[in-house]
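> Handing you this structure, nothing more for now.
Please treat every number below as a calculation from the coordinates, not as lab data. If you're wondering where the values come from, they're calculated on a predicted model, not measured in any experiment. Cβ atoms come from the backbone with ideal geometry, glycine included; neighbour counts cover every protein chain shown.
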Amino acid sequence: MFRGIQCKILSLAVIIGLLPGMVGITLTYLGGTHLLKNSIGTNFHEIARKESEYMRRVIEKEIDEVHSLAISPFIRKYVEDENLKYNSKGNEEIIGEINSIENIWPRLKENSPILRNIMNNEVAEYIKEYKKREGEEYAEIFITDAKGAVIAATNKTSDYFQADERWWEEAYNNGKGGIYLSDVDYDESAKVFSLDFCLPIMDKSNKKVIGIIKVVTDIRHLFSGIINVNIGKTGHSDLVSSDGTVIIDAISPPLSWKISEGLISKITASRGGWTMDKDEHGISAIIGFSPVEWGGKFTSSSLGGKNWYIFVRQDLSEAYTPIIGLVWKVSLVGILLIGIFTLVALSMARQIAQPLSILQNGVELIGQGKFDYRLEIKTKDEIGDLANSINRMAEELENRTSELEFQRGELEETKNYLKNILEHSADIVITTDLNGNIVEFNKAAEEILEYSKEEVIGKPAGEFYLNKSERKNIMEIVNKNGRVNNYETTFKTKNGRVLYISLTLSQLKDNSGKIIGTVGISRDVTAKKNLDQMKLDFMYMLTHDIKSPLSILLGLSTMILDGKFGSVDDKFIEPLRSIYSSGRKISSLVDNCLTSALIETGKLNLEMKPVKVDVVLNSIIKLMNLQAEKKGITIKSDVQKSFPEIMADEIYLDRVFINLLSNAIKYTPDGGEIKVKGQIMDGRIKPHKKYVEISFTDTGIGISEEDIAGLFNKYKRAKGAGRIEGTGLGLFIVKSIIDLHDGEVDLKSKVGEGSTFTIKLPLKKPRG
């Protein structure tokens, strides 16, 4: 009977506490989601608007850069000269010559006279150098004459005759000229998803088209600002065409999917805003959008006649995370109220049926093994006698099991301690059995990898790796060495996010030393990787913005000094040399900053090709003579003739030679001397029997022994440098580049007498 009374009282308390809680949770969720949707949608629209403005600036900037090439006097003169070959020929003869080359064009080799004339002329070399400076953003550059024939190119084009192509006709515009941007598509010639910038080359009067320049850009680099937008775990931005094609995003390959017709219709009918819709997987998302406004800079048929839109989206489940957290808080308050009502009701029930309840509960507890429990019944009747008998029995059982309980408590304490460490670790902790199947999966793993423990227990641990076979390679190392430390790999979450992981994996052994599985601790380093990428993106942008106008300045000053525009008055020679020298210093500083950032982030990738070191070195010496002559310094070259080719990155090898010669000139007093010596040495450098040795000896201020030790560290400068300008990056970059070539750098110096920097590069023969 007392059980029924207790149940009724408890049920009433639960109902009184539960109903207000449910109403509060419902109102909180409905009101909160409405406000949250409006706030997030408005914010996403603003982000999309800013991204669309950024996209407009990117396109306009690229147009301006291609235009700077198109108006270059150097390029214009070359195109004019190429067009002169048509003056003495009739139209039929011209067409016949072009068709004859077009017919044999696919079979031409790079060493053929026709291709050499197109790819190795002075303009071709100029645009090759321009493409190299721009980095991976530019995939291909070529120039045609007024008839549509290719006259200069960075690489072999798919066709010789281009006048029958849509892009050429749009840029030519019946001889008037026009700026044309292609639709985004896969370029078979350049092997990239490209956006082509096609501009006319006008005559001096700017009234007649004399040629066309086409620049093929890689959209994955051009639109990196779109790809790198991340909001939470699922939020990202898309560049979408008005036909619904997703041009590029952070997840899928370019042009690989389309948004729904209903969504694109809604978007194109508006000037920007936000909406809710489902993606291709049926997942609901909040989407902010904004059109890209061009302002009429190019022809109306550009971009395939389509408009572009920026999407900023996030899964609705993630967007609702704050309100769900609030709902949980309200729920906890409700649970607390229910608990209070329950305690009050329980007290009343005990007062009503106290003797029977105590006896029943006591017997049940003792029967469950709680032998330390004692019945507190002091009545002088049969119930009191029964309670005393039960207490004596419990005491006897307690004495017999005390030792066992003590041992069990110690084991439980140890178990709980280890479990708390596992569950409260901020890193992913996963243990596996000998078959590689998951045994333990902590809370951090659930939160980061987005799988529940129930979903993964008993499943192979290798399923989390982006590269499924990588687990096998890691286990080979673990089986050999017992563990692997800070191994960098990539995991894929349940929702498809890619995480950069630093993994430490060890063998797990029992008390006897028998291997029973593995324990792995994984740290999410995605944020650090993204920060490194942001740093590189900033450096790329800064380098791009500075070096584009700087290259034009350097090119023009060099052409003037070389007499390309006629003789130069003597009074202008020194100012022009100063302009060139200052420009080189700025260019070198920008290059050093970018290279340093690439080294720090581990993304300095060398393009190893056969290189003639003596040719490269002599070219740099000739280049630096201009700077040396200004201080009256003599550069003496003793470079062994006919060096064999070695495998090296010519661009970064240039950087090493320029940095060392520049330092020698900078720290050598006026009228001093610099000796450059290059030779093939017998001996051993690392695993190689022969090596190239190049030394740079100056008569400068010298370096003390205490400064030499750390001189190749970043931002380290000798104390004797005084007010001599410098950043402390040059020697750090030299050492890093030579290390990547498996080479060595040596320094010998004496204060007041000068220094000798020696570079040793292994003589690796080209394959073939």
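> If we count every other residue with Cβ under 14 angstrom of residue 76's Cβ, Lys/Arg +1 and Asp/Glu -1, where does the sum land?
It works out to a net charge of -1.
> A follow-up question, please. So what is the relative contact order for segment 85-175, in percent, with contacts set as C-alpha pairs under 8 Å and at least six apart?
For segment 85-175, the relative contact order is 25 percent.
> Within segment 435-473, which chymotrypsin sites (Phe, Trp or Tyr not before Pro) sit in a loop by DSSP and count at most 16 neighbouring Cβ atoms inside 10 Å?
In loop regions of segment 435-473 (DSSP not H, G, I, E or B), there are no sparsely surrounded chymotrypsin sites (Phe, Trp or Tyr not before Pro).
> Here is a follow-up. Among 286-295, 668-677, how do they line up from the highest to the lowest mean number of other beta-carbon atoms within 10 Å?
Taking the mean over residues of other Cβ atoms within 10 Å, the ranking is 286-295, 668-677.
> Give me the distance in nm between label points sitting 7 Å out from Cα along the Cα-to-Cβ direction at residue 439 and residue 43, one decimal.
In this crude label model, residue 439 to residue 43 measures out at 4.3 nm.
> In debye to the nearest 20, how big a dipole does segment 223-321 give about its Cα centre with +1 on each Lys and Arg Cβ and -1 on each Asp and Glu Cβ?
240 debye
> Listed here are the pairs 666/748; 204/622; 641/666; 630/675; 443/514; which of them are more than 23 Å apart at the Cα?
On the way: 666/748 17 Å; 204/622 34 Å; 641/666 28 Å; 630/675 17 Å; 443/514 28 Å.
The pairs that break the limit, which is 23 Å between Cα atoms, are 204/622; 641/666; 443/514.
> Right, next: First select every other residue whose beta carbon is under 15 angstrom from the beta carbon of residue 94; then total the charges, Lys and Arg +1, Asp and Glu -1. Walk me through the numbers before you get to the answer.
Values: positive: 85, 89, 147; negative: 82, 92, 93, 97, 102, 145, 164.
Once positives and negatives cancel, what remains is -4.
> Let's see if you can work this out: charge +1 on each Lys and Arg Cβ, -1 on each Asp and Glu Cβ, no other charges. What is the dipole magnitude of segment 425-524 about its Cα centre, in debye to the nearest 20?
Its charge dipole is roughly 280 debye.
> To continue, here is another question. Summing +1 for each Lys or Arg and -1 for each Asp or Glu, what net charge is found among the other residues whose Cβ lies under 10 Å from the Cβ of residue 699?
Cβ neighbours under 10 Å give a net charge of -2.
> Right, here's the next one. Hey, fewest Cβ within 10 Å first, where do 392, 49, 374 land in order?
If I rank by nearby Cβ atoms, fewest first, I get 392, 374, 49.
> In segment 147-198, which GluC sites (Glu not before Pro) fall in coil by DSSP and have 10 or fewer other Cβ atoms within 10 Å?
Hits after loop and neighbour filter: 188.
> Would you pull out the residues with amide H under 5 Å of residue 648's amide H, same chain only if 5 or more places away, H placed 1.01 Å from N?
The answer is 609, 611.
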